[in-house]
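A short write-up of the structure that comes next.
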Amino acid sequence: MRAEVLVIGAGPAGIAAATAAAENGCKVIVLDDNVTAGGQIWRGATVDSANTQDVAKQRAMERLQRSGAQVLNGRSVFSADASGTVQTLQETASGNVVEQFHFEKLVLATGARERFLPFPGWTLPGVFGAGGLQALVKGGYSVAGKKIVVAGTGPLLLAVATHLAEDGAVISSVLEQATLAQLAPFAASLWTHPAKLVQGARFRVKLWKTPYRAGCWVIEAIAGSGQTLASVRVTDGTRTWTEPCDLLACGYHLVPNTEIAAFLGCAFRESFVQVDSAQRTSLPNVFCAGEPAGIAGLEAALVQGEIAGLACAGRSHASLQRRSAAERAFGDRMEKAFALRAELRSLPRPDTIVCRCEDVPFARLQGHQGWTDAKLQTRCGMGPCQGRICGPAIEQLLGWRPVSIRQPLFPVPLQAFCFPDASENNTTELIKEKA
Amino acid sequence: MPKLLSILINNVTCQVAPGTTVAAAMLLAQQPSRISVDGDPRVALCGMGICFECRAVVNGTSHRRTCQMLCEDNMTVETNS
Ligand SMILES: Cc1cc2nc3c(=O)[nH]c(=O)nc-3n(C[C@H](O)[C@H](O)[C@H](O)COP(=O)(O)OP(=O)(O)OC[C@H]3O[C@@H](n4cnc5c(N)ncnc54)[C@H](O)[C@@H]3O)c2cc1C
Ligand code: FES
């Protein structure tokens with residue numbers, strides 16, 4: 001399929017970009033790997049739940065629909081090249097489907113994932129990502145009556161705890177590794193962002209009985225009878241105690257999804273894709289909006305998406321620049337507030353698994369010079385997640401930056417690469433691999 | 001109340017609401033999605049298609065990311081070993 005503007009990611013940034021470009025006359029296709037559009041914050045509950053429909057989301061979705069942009073869900077982009085081709089894999093119950101899309105302009109709105117840091121017991125059933133557990137609940141997992149510790153760092157912890165409480169969970173505590181002193185300037189600065197304060201007020205109402213402990217973190221998840229979670233060991237740096245729980249939701253803020261930008265050869269600014277005021281990357285026909293350009297939350301994603309969409313359509317975006325700069329500044333303050341403490345680097349024991357795909361323990365990584373060496377010797381980062389989970393963890397633990405990011409983004413059945421150019425609708429039904 | 005879907009998880013019949021992801025159904029049934037290289041049970045971690053801890057055998061095909069897949073009536077799901 002061919003699109004004048006192809007958008008990867010149907011989160012707030014991608015939705016805003018697609019809407020702005022389509023409203024200004026472009027033929028737009030949006031690709032997203034989830035079952036429904038919305039990205040992380042607007043992830044649709046696929047099963048009825050206590051969570052009320054988000055008005056902002058509803059409005060954005062209706063406007064997207066009216067704009068004429070075409071949204072294709074369930075498609076994971078696994079490769080891309082700057083000459084204008086993107087390939088996707090669709091995993092259905094009956095098999096895999098590979099499709100190819102061609103673009104004139106591309107908007108990368110791939111959002112972020114959670115950062116995970118290994119600690120003893122983090123591979124036990126019952127330990128989830130914070131946003132991860134929230135997503136699973138939206139997909140129909142019930143946490144009603146379950147006792148949950150929410151831990152890690154970042155504003156996401158409160159959002160997740162609120163959501164889980166609304167779904168009937170008992171949140172025994174929210175543990176934020178950042179100190180109060182670190183958080184105070186950030187909290188004070190929220191007065192300039194009324195929307196964020198309203199959200200904060202909702203959290204407080206839902207969690208008024210739940211202790212929010214700053215400067216505390218989980219050092220171990222402990223199994224009960226059977227191989228599932230029974231309690232967590234928690235510390236504030238001087239004291240250590242045990243909190244019994246059914247589930248632990250633990251995530252250390254966010255890591256941008258920048259792999260596709262790397263495939264294309266876009267320039268980076270530290271961990272983020274470098275963009276100009278039009279959200280244009282170092283490649284003239286590739287734009288980037290939302291979390292991959294800097295972790296700054298919903299409003300930043302929306303305004304950057306709109307700017308990118310307008311820029312694709314050749315329209316002015318001057319009136320949006322002030323808002324965009326304010327949101328970027330908010331992101332910078334957030335990054336400082338939730339900076340990771342050094343103690344988190346010494347959580348893994350020698351036998352703690354770091355690479356979950358290949359079960360590589362921490363001890364086997366120590367002594368290697370860097371990624372290339374460790375990959376060859378231990379297979380760390382060579383499993384199906386392609387280092388997207390252990391990579392950011394190892395960057396914290398050992399300071400290794402990822403070396404080269406190779407296509408495909410995740411394992412794709414071999415047949416996907418024998419693409420029949422002449423095929424009618426550019427679709428290949430792949431033969432089922434046997435279990 | 002919409003009609004529940006019937007799926008088979010590790011040979012046990014389970015009823016789930018339409019819209020339930022396969023990963024959520026496996027958690028509800030308390031079944032691991034996969035057995036790790038060293039033989040440990042694992043369940044979904046990220047819930048968003050990144051970590052591959054939720055991969056299971058769905059309708060005979062192994063290594064399917066179940067957090068990105070909705071249950072269908074009469075689906076068979078097994079722990080990926
Ligand atoms: C798990 C999680 C939960 C979160 N929950 C909240 C919350 O409750 N409240 C809050 O304020 N903030 C939350 N956030 C922060 C949130 O990321 C931002 O507030 C906001 O959603 C960013 O919008 P975005 O459009 O940049 O990215 P996202 O919303 O992340 O959207 C990016 C989209 O691109 C898709 N995508 C990525 N790579 C590919 C690919 N290769 N192929 C196809 N599609 C792809 C993703 O699946 C996603 O749908 C959460 C973040 C995460 C990671
Ligand atoms: S839970 Fe991480 S990929 Fe499904």
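Filter segment B:52-70 for residues that are within 20 Å of A:Gly38 (Cα to Cα) and among the hydrophobic types (A, V, I, L, M, F, W, C); which is nearest to ligand 1 (Cβ to nearest atom)? Only one residue tops the list, namely B:Cys67. Restricting A:Gln100, A:Gln177 to residues that are open to solvent by 20 Å² or more (accessible area, probe 1.4 Å) and of a type in the set (S, T, N, Q) narrows the list to A:Gln100. Does segment A:146-162 contain at least one residue that is within 13 Å of chain B (Cβ to nearest Cβ), crowded, with 23+ Cβ neighbours inside 10 Å and more than 16 Å from the chain's Cα centre (by Cα)? The answer is no; no qualifying residue exists.
Against the test of being within 11 Å of chain B (Cβ to nearest Cβ) and out of contact with any Pro (no Cβ under 8 Å at 6 or more places or on another chain), the options A:Ala80, A:Ala93 yield a single qualifying residue, A:Ala93. Residues in segment B:23-37 that are within 7 Å of chain A (Cβ to nearest Cβ) and among the hydroxyl-bearing types (Ser, Thr, Tyr): B:Ser36 alone. Identify all residues within segment A:232-269 that are over 29 Å from A:Ile219 (Cα atoms), in a loop (DSSP other than H, G, I, E, B) and open to solvent by 20 Å² or more (accessible area, probe 1.4 Å); write none if there are none. The answer is A:Gly265, A:Ala267. Taking A:Ala308 as meeting all but one of (1) away from ligand 1 (no atom under 13 Å from the Cβ); (2) touching a residue at least 60 places away in the same chain (Cβ under 8 Å), write down the number of the exception. For A:Ala308, the exception is condition (1). You will find that of A:Val127, A:Val137, A:Val86, A:Val143, the residue that is among the β-branched types (Val, Ile, Thr), buried (at least 23 other Cβ atoms within 10 Å of the Cβ) and more than 20 Å from B:Thr66 (Cα to Cα) is A:Val86 and no other. Restricting segment B:25-40 to residues that are closer than 21 Å to A:Cys250 by Cα and free of Cβ contacts under 8 Å to residues at least 24 places away in the same chain leaves a set whose member that is surrounded by the fewest Cβ atoms within 10 Å (Cβ to Cβ) is B:Gln30. Among the residues here, B:Pro2 does not qualify as out of contact with any His (no Cβ under 6 Å at 6 or more places or on another chain), within 16 Å of ligand 2 (Cβ to nearest atom), in contact (Cβ under 8 Å) with a residue 12 or more places away in the chain and open to solvent by 10 Å² or more (accessible area, probe 1.4 Å).
Residue pairs whose Cβ atoms lie under 7 Å apart, separated by 6 or more positions or on different chains, with the first residue in segment B:45-56 and at positive phi and the second near ligand 2 (Cβ under 6 Å from one of its atoms), are B:Gly47/B:Cys67; B:Gly49/B:Arg65; B:Gly49/B:Cys67; B:Phe52/B:Arg65. Determine whether A:Gly121 is open to solvent by less than 10 Å² (accessible area, probe 1.4 Å), farther than 22 Å from A:Leu302 by Cα and not β-branched (Val, Ile, Thr). In short, no.
Yes or no, residue by residue, for (1) open to solvent by less than 40 Å² (accessible area, probe 1.4 Å); (2) closer than 21 Å to A:Ala82 by Cα; (3) within 18 Å of the chain's Cα centre (by Cα):
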{"site": "A:Ser271", "(1), (2), (3)": "no, yes, yes"}
{"site": "A:Ile295", "(1), (2), (3)": "yes, no, yes"}
{"site": "A:Gln304", "(1), (2), (3)": "yes, no, yes"}
{"site": "A:Arg322", "(1), (2), (3)": "no, no, no"}
{"site": "A:Arg333", "(1), (2), (3)": "no, no, no"}
{"site": "A:Ala339", "(1), (2), (3)": "no, no, yes"}
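Of the residues making up segment A:371-380, not a single one is open to solvent by 30 Å² or more (accessible area, probe 1.4 Å), at pLDDT below 90, assigned to a loop (DSSP other than H, G, I, E, B) and at negative phi.
Within segment A:117-145, the set of residues being facing another protein chain (nearest Cβ under 7 Å), part of a loop (DSSP other than H, G, I, E, B) and in contact with a helix residue (DSSP H, G or I) (Cβ under 7 Å, 6 or more places away or on another chain) comprises A:Gly139, A:Gly140, A:Tyr141, A:Ser142. Of all the numbered requirements in (1) open to solvent by 30 Å² or more (accessible area, probe 1.4 Å); (2) assigned to a loop (DSSP other than H, G, I, E, B); (3) more than 12 Å from chain B (Cβ to nearest Cβ); (4) not aliphatic (A, V, I, L, M), A:Thr110 misses one, and that requirement is (3). Scanning segment B:5-22 for residues that are at the interface with another protein chain (Cβ under 10 Å from one of its Cβ atoms) and touching a residue at least 40 places away in the same chain (Cβ under 8 Å) yields a count of 6. Among residues of segment A:19-63 being charged (D, E, K, R), at pLDDT below 90 and over 16 Å from the mean Cα position of the chain (by Cα), the one that is nearest to A:Ala313 (Cα to Cα) is A:Asp54. Taken together, the residues in segment A:395-412 that are assigned to a loop (DSSP other than H, G, I, E, B) and touching a strand residue (DSSP E or B) at 6+ places or on another chain (Cβ under 9 Å) amount to 6. When the criteria are applied in full, A:Ala80 fails the requirement of being free of Cβ contacts under 8 Å to residues at least 40 places away in the same chain, of a type in the set (A, V, I, L, M, F, W, C), open to solvent by less than 40 Å² (accessible area, probe 1.4 Å) and touching a helix residue (DSSP H, G or I) at 6+ places or on another chain (Cβ under 9 Å). Among the residues examined, A:Thr235 does not qualify as in contact with a Pro (Cβ under 6 Å, 6 or more places away or on another chain) and under 30 Å from B:Arg42 (Cβ atoms).
The values are calculated or read from the model by the stated rules, or taken from the named source; none is laboratory data. Here the structure is a predicted model, which means the values were calculated and not measured. Cβ atoms come from the backbone with ideal geometry, glycine included; neighbour counts cover every protein chain shown. Surface areas here come from the heavy atoms of the whole protein model, side chains and all, with no ligands, DNA or RNA. Shrake-Rupley method; radii C 1.70, N 1.55, O 1.52, S 1.80 Å.
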